[in-house]
Each structure stands twice: as structure tokens, then as C-alpha cells.
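Notes for the one structure printed next.
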Amino acid sequence: MTFCLADATSMRLLAARLDEAAEEITRLQGASVAVGLPITATPELAHYEGPLRNLVEWCHSSAAEIRRRAAIAAQADLIGWNPPGDNAAYDALTTAAAGGFDDQLAAFDALGANGDVAAFFAALTPAQALGVALARAAQVGARAGVPFELRFAANHQLVRQAHAEALRVGDKAAAARYARLLNPDRQLLLFDPRNLGKIAEVRGDLATAKHVAFLIPGTGNSLANYFGGPEKDFKAIHLTAAGLSAETATIVWMGAPLPQSLGAAAFDLLADRSAPKLKDFVDGLSLRPDIHTTLIGHSYGSVVTGHAVRAGLHPDNLIAVASPGWGVQSVDELNAPETKLFAMRHQGDIIKLVPTADETLGVFIPLPDSVAGHGEDPVFMSGVERLASGSEADPGFGIDLDAHSDYFGGSPAGRIAELNLARVIVGDDYETYEEAKAAL
């Protein structure tokens, strides 16, 4: 059945009336039985029993279908109609709510988790593709194989939903964050506000980029502090890299929970769980083979990248920044002979004094390497090139409590570190730690 209404409030009201009608028919049938006069008591009325039963079923099923359409129409209400603006998304959702894309939505649902979603969307018109992407935003936003622009649109819709919910419950901080993410220039490949939250954001044009960098943040990061740390760092490194080569795209990935305390960061569990998700995310982008890729892990993010590389993710460059380790004792354990390996650490970064869990807890409880500790320090590993960070003149044993977060601009040393990372991303000449020391 096709319903021409595309107004969420009217649809919900109609669904309620249909349910009420079905309940009234059922009530009257029950009342007739209670007084000893069931509809089947006389031949004249008995033949109405089947049609009435079918009518009750039709009312309930139609009410359920209208509510499904009302949910889509409500998504259009979140966008609103803009008289002077682009109403493509609004029109796509109202068309879907009115039944205009029923066949396409049914075909998408029939694909299942392993269907060829790229071929599916390629066969649709732009309006149909946008309608399906928005009406099924939760299934499309993070799905590999969906065209980037449709993933951006789907995740934008998910942000609208989260923003509306934050306003409804009075969460002003969350509403403010989501309002910033609603900027039309934002390109999200992943968004999930539940629990600690998940997000993956792109800067640059993935369709034309020749250099793509992935930044994985470290301990203590979540969607709640996204704008205070990860977003700021990834924006800074992208601006610097894009200044060296306009054909650069940068992605920050927080697609799995990060440890929220130093105690949790001593263990491999979250890195083990995150690694296959990071690998699937990167593989799912289906980047051209000629694209130059760089995987940067900061702090615990470097542990995640190390585990992902061991799981089969092989970027052109792997950079550990302020790292407790890749989870290996030697580069051979990474099983990535074609990947160039780099490490960067400020002289005063406190990370150099943090013992691994197997060196502390292991004194009392024998812990296997696969559970606690993160292996050898990448800056000292054979086969890893240590990059200059701008802090080579600092005392080797001095500690700067701000150094651990200072690799993406900010201080003079942070700007040098950022520029050196950007040079690796775009394939320019970079400065090594040894070269910087020799120049002092």
C-alpha cells in the first residue's frame, strides 16, 4: 500500500486511528461473545467473521507501515525545507516517506551485510541513491563500498538525530558539539554518539588525493573531547601537509574505544579489539593502489596502528609519535617489509619514563606479552628512522609535561614536528633526529 502523506505528525495520527479501529472491532467481537451472541451465532452474520479478522490485521499492519514512513518523514523534519536553498536531502526523505523509493529501499534491505553495495548504488539515480542513504543512514554511514558523498550525507543525518536528541534531553555540551559537526563542510565517514562515541572525519578530497594520511589519537580521547584534541591535531597536520601538496587528504579515525586512563593504556586489550576495525575501515575505502598512504599513531594510537599492521594493514608509511610501542620487539614482527617505519618523540616527553605493564605488574603476576606491555620503544628499534621533532637541543633527561601533546603545532618544537610529519605524508625530504642533532 502506498501512502501519499509525507508529514510525520499526520502519519502518526493516522496510524493511531487505525490501531484504535482494530482494537474497537476486537472489543466488540469480545463483547458479543460475553453476552452469548457471538458473530458466528447466526448464519446471516457468520460470513463476516473472516473479513473482520482480515480488517483487524490490515489495520495493524498498515499502522506499522505508516509509522515506518513517519520515522522517515521525521528525518526530513530535522532538515527542514529551505526556500532559497538546496532541498535535495529534504526532498529525498519526503519522497521516501511517501513511498517513492519503496523498491530501492527493499532492494537495499535485501542486500544484507555482504551484498555488493557499490554496484547497488551505481545502478540508482542520484535522487534514489540519496533517498536510500538518508532513509537508511545508520546502515549506510559506516558501510564500506558506499560512495563517499553518500556516506557523508548519511553521517550528517546521524549527527542531526544526535543533535535533536541532545536538545530534547537538555545536554547542552553535546548539542554544541553536534552543532559544530553540522557544518556543511564536514565530511564524516563514521559517526556514532553512543557510549564513548565513534567518529572518522576527512579533510581534503578523497576522490582526487594522491596522498592520504590517517591519524589515530591516544589515551583519554572520546567524542566528548573531540574538538579539544583529535580534531585540532588532525586539522593542523592536514593544513600543513596540504600546504606542501594540494592533492592530500587526511582522516582522523576514532572508530573503537580508546583507553580512558593510564592504567588501561598499559594493556593490549583495546588495541587488539581496535586493530581489525581500523584495518577494515582503511581497506573499505578502496583507495587506488597508486595513492601514497601514511598511518600515524599518537601515544596509545600507535599501539593500535602496530596491531593493525600486524593484522595485515600495510600503509606506505607507519609513524609512531610519542609511542609506548607497536606491540612488537622487532620490526620483523610487523610483517610489513614494504612499509617504511618512522618514530618521533620529544626529548622531554614523559612517555619515555612510563614503564610497561609487564615491567610493573609482572613483578607480582606473570603476564604474557600478548596481554601487557607494548614491546620495544620504536625510537630505538633497528629498521626504524627517527624523525626530528624540534626538541633535540633539550636536555636528554629533562621532562616537559606538555611535550606529550605537542606534535601538531603550538610551540616552536611542535611546529617543526608537524612540518616533518607532513613532509613524510607528501613524500618530501624530511629531517631525521640524527641530522637535527648534528646541526646543533
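The values are calculated or read from the model by the stated rules, or taken from the named source; none is laboratory data. Quantities reported herein were computed from a predicted structural model and do not represent experimental measurements. All Cβ positions, glycine included, derive from the backbone under ideal geometry; neighbour counts span all protein chains shown. For the accessible areas, the whole protein counts, side chains as well, though only heavy atoms, and no ligand, DNA or RNA atoms are used. Shrake-Rupley method; radii C 1.70, N 1.55, O 1.52, S 1.80 Å.
Laid out as a table, the results:
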{"item": "Any chance His307 is touching a Gly at 6+ places or on another chain (Cβ under 6 Å) and farther than 15 Å from His404 by Cα", "result": "yes"}
{"item": "Some residue of segment 259-271 being within 26 Å of Pro147 (Cα to Cα), in contact (Cβ under 8 Å) with a residue 12 or more places away in the chain and either aliphatic (A, V, I, L, M) or not in a loop (DSSP other than H, G, I, E, B) (or both)", "result": "no"}
{"item": "Failed item in (1) within 20 Å of Gly131 (Cβ to Cβ); (2) modelled with pLDDT under 80, with Asp86 passing the rest", "result": "(2)"}
{"item": "Subset of segment 225-243 [surrounded by fewer than 22 Cβ atoms within 10 Å (Cβ to Cβ) and aliphatic (A, V, I, L, M)]", "result": "Ala236, Leu239, Ala242"}
{"item": "Close pairs from segment 238-258: first within 10 Å of Ile199 (Cα to Cα), partner of a type in the set (Phe, Trp, Tyr) and not in a strand (DSSP E or B), Cβ under 7 Å, at least 6 apart", "result": "Val252/Phe234; Trp253/Phe281; Gly255/Phe281"}
{"item": "Segment 272-288, residues that are part of a helix (DSSP H, G or I) and under 20 Å from Val146 (Cα atoms)", "result": "Pro276, Lys277, Leu278, Lys279, Asp280, Phe281, Val282, Asp283, Gly284"}
{"item": "Options Gly325, Gly312; residue that is part of a loop (DSSP other than H, G, I, E, B) and at pLDDT 95 or above", "result": "Gly312"}
{"item": "Cross-chain or 6+ apart pairs with Cβ under 7 Å, segment 310-338 first and in contact (Cβ under 8 Å) with a residue 60 or more places away in the chain, then among the small types (Gly, Ala, Ser) and assigned to a loop (DSSP other than H, G, I, E, B)", "result": "Ala322/Ser299"}
{"item": "Cβ pairs under 7 Å, 6+ apart, first in segment 59-85 and over 14 Å from Ala15 (Cα atoms) and open to solvent by 40 Å² or more (accessible area, probe 1.4 Å), second of a type in the set (Gly, Ala, Ser) and in a helix (DSSP H, G or I)", "result": "Asp77/Ala8; Leu78/Ala164; Ile79/Ala89"}
{"item": "Test for Gly306: is it open to solvent by 20 Å² or more (accessible area, probe 1.4 Å), in a helix (DSSP H, G or I), within 20 Å of Met344 (Cβ to Cβ) and touching a residue at least 24 places away in the same chain (Cβ under 8 Å)", "result": "no"}
{"item": "So Gly312, is it more than 24 Å from Glu385 (Cα to Cα) and surrounded by fewer than 24 Cβ atoms within 10 Å (Cβ to Cβ)", "result": "no"}
{"item": "Scan of segment 33-83 for residues that are modelled with pLDDT of 80 or more, assigned to a loop (DSSP other than H, G, I, E, B) and more than 30 Å from Arg160 (Cβ to Cβ), ordered by number", "result": "none"}
{"item": "Near pairs, Cβ below 7 angstrom, 6+ apart or cross-chain, from segment 196-208 (on the phi > 0 side of the Ramachandran plot) to any residue that is hydroxyl-bearing (Ser, Thr, Tyr) and open to solvent by less than 10 Å² (accessible area, probe 1.4 Å)", "result": "Gly204/Thr248; Gly204/Thr250"}
{"item": "Test: Gly383 is surrounded by fewer than 19 Cβ atoms within 10 Å (Cβ to Cβ) and either at pLDDT 90 or above or in a strand (DSSP E or B) (or both)", "result": "yes"}
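Matching residues to (1) out of contact with any strand residue (DSSP E or B) (no Cβ under 8 Å at 6 or more places or on another chain); (2) within 25 Å of Thr208 (Cα to Cα); (3) among the β-branched types (Val, Ile, Thr):
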| position | (1), (2), (3) |
| --- | --- |
| Asn114 | yes, no, no |
| Pro147 | yes, yes, no |
| Leu150 | yes, yes, no |
| Leu158 | no, no, no |
| Gln161 | yes, no, no |
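Per-residue answers, yes or no, for (1) buried (at least 17 other Cβ atoms within 10 Å of the Cβ); (2) at pLDDT below 90:
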position: His404; (1), (2): yes, yes
position: Tyr407; (1), (2): yes, no
position: Gly410; (1), (2): no, yes
position: Gly414; (1), (2): yes, no
position: Asn420; (1), (2): yes, no
position: Tyr430; (1), (2): yes, no
position: Glu435; (1), (2): no, no
position: Ala439; (1), (2): no, yes
